[in-house]
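The values are calculated or read from the model by the stated rules, or taken from the named source; none is laboratory data. Please read these numbers as outputs of a predicted model, since none were measured by experiment. Reconstructed Cβ throughout: ideal geometry from the backbone, glycine too, with neighbour counts over all protein chains shown. For the accessible areas, the whole protein counts, side chains as well, though only heavy atoms, and no ligand, DNA or RNA atoms are used. Shrake-Rupley method; radii C 1.70, N 1.55, O 1.52, S 1.80 Å.
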Amino acid sequence: MSRDRYEQVIGVIGLVAFIVADQFFGAVAAVRVAGLLCLACGALWAIRRTVPVGIEGQAPSFFLSGALRLLAGITMLAIGIALLAFPSEAGCFLGWSECR
């Protein structure tokens, strides 16, 4: 299986996990799943040599490499950590749950 196909399968599994968490356990659990997915994505971006940027379904407009790729990966890791650390606040901010 090619790497692109493998990433698509992982993406579908992540989407299903997000939906299942939301339906069975609520918005806070769904935010935590989104945080885990952000961590996985950030780690992938940080270890790859290039990160394609563009519109889904079309050829990439350009590729991030070097320091910009690493910065994008670290930023995505930070977003994942924030979603995991503050799931109730993040759900409120995103409009996925009621604010208290």
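So if I check each of Ala17, Ala72, Ala90, which one is open to solvent by less than 60 Å² (accessible area, probe 1.4 Å), of a type in the set (Gly, Ala, Ser), in contact with a helix residue (DSSP H, G or I) (Cβ under 7 Å, 6 or more places away or on another chain) and without any contact (Cβ under 8 Å) to a residue 24 or more places away in the chain?
Details: Ala72 fails: without any contact (Cβ under 8 Å) to a residue 24 or more places away in the chain; Ala90 fails: without any contact (Cβ under 8 Å) to a residue 24 or more places away in the chain.
Answer to the check: Ala17.
Any chance region 46-59 includes a residue that's part of a loop (DSSP other than H, G, I, E, B) and more than 22 Å from Ile10 (Cβ to Cβ)? Walk me through it before giving the result.
Taking region 46-59 first, the residues part of a loop (DSSP other than H, G, I, E, B) are 48-49, 54-59.
Filter once more, so that each one left must be more than 22 Å from Ile10 (Cβ to Cβ): none.
Within region 46-59, not a single residue is part of a loop (DSSP other than H, G, I, E, B) and more than 22 Å from Ile10 (Cβ to Cβ).
Taking only region 22-40 into account, find how many residues are small (Gly, Ala, Ser) and either open to solvent by 70 Å² or more (accessible area, probe 1.4 Å) or more than 26 Å from Tyr6 (Cα to Cα) (or both).
2
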